[in-house]
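Worksheet: the structure to be examined is printed underneath.
The values are calculated or read from the model by the stated rules, or taken from the named source; none is laboratory data. As the structure is a prediction and not an experimental result, all values here were calculated from the model. In this analysis, Cβ positions are derived from the backbone assuming ideal geometry, glycine residues included, and neighbour counts consider all displayed protein chains.
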Amino acid sequence: MKILLIDDNHSDLRLIKEKLEGALEGSEFICAVDGESGVKKFEELRPDLVITDLNLPKNNGYSVCYSIKKISPSTKIIIHTGSYKLLNHKRAIDCGAEILIKKSQDCKELVGFIQSNINLAYIEN
């Protein structure tokens, strides 16, 4: 499975990648540090899953969702953010994200959601 991670915080990006590598063996990770480069990498490399921060330079997470869903409506997108609010969650779903998950140091909720709700067998085929 190919996963695109988009986050402007380099330490968060590294942490998320490390946690997911341990939980999703065999996955390939692509990283971007702003919304614009994230959408470009999506267009070029067509990952199976996108995990994006909400507050990004050069297009926020909502804009990233809209852009990716226009290109590929079936792509799964998770917004992973430190600014969790119910209003943000509703807007994330409205723009095409599967869910908005609050960032944490252990990434357990993110990993658990992917393992439980993203049909990995479907994506890998």
Query raised in the report: Does VAL39 count as within 18 Å of ASN88 (Cβ to Cβ), buried (at least 18 other Cβ atoms within 10 Å of the Cβ) and of a type in the set (A, V, I, L, M, F, W, C)?
Result: no
Query raised in the report: From the list GLU21, GLU44, GLU25, which one is in a helix (DSSP H, G or I), out of contact with any Ser or Thr (no Cβ under 8 Å at 6 or more places or on another chain) and surrounded by fewer than 19 Cβ atoms within 10 Å (Cβ to Cβ)?
Result: GLU44
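Looking at the range 109-125, which of the residues that are exposed (fewer than 11 other Cβ atoms within 10 Å of the Cβ) and modelled with pLDDT of 50 or more is nearest to THR75 (Cα to Cα)?
First, pick out the residues of the range 109-125 that are exposed (fewer than 11 other Cβ atoms within 10 Å of the Cβ): 116, 119, 121-122, 125.
Then keep just the ones that are modelled with pLDDT of 50 or more; that gives 116, 119.
Values: SER116: 17, ASN119: 12 Å.
Per the criteria, the residue is ASN119.
Going by what's in this entry, would LYS41 be described as touching a strand residue (DSSP E or B) at 6+ places or on another chain (Cβ under 6 Å), of a type outside the set (S, T, N, Q) and more than 20 Å from ILE118 (Cα to Cα)?
Taking the combined requirement at face value, the residue satisfies it.
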Requested in this report: For residues that are part of a loop (DSSP other than H, G, I, E, B) and at pLDDT 90 or above, scanning just the range 72-97, find the one that is nearest to the chain's Cα centre (by Cα).
Outcome: ALA97
Query raised in the report: So is CYS31 within 20 Å of LYS2 (Cβ to Cβ), within 11 Å of the chain's Cα centre (by Cα) and surrounded by fewer than 18 Cβ atoms within 10 Å (Cβ to Cβ) or not?
Result: yes
Requested in this report: Mind telling me which of the residues LEU56, LEU100 ends up being under 21 Å from LEU15 (Cα atoms), touching a helix residue (DSSP H, G or I) at 6+ places or on another chain (Cβ under 7 Å) and in a loop (DSSP other than H, G, I, E, B)?
Outcome: LEU56
Report task. Kindly establish whether TYR62 is more than 27 Å from GLY22 (Cα to Cα) and either at pLDDT below 95 or assigned to a loop (DSSP other than H, G, I, E, B) (or both). Result -> yes
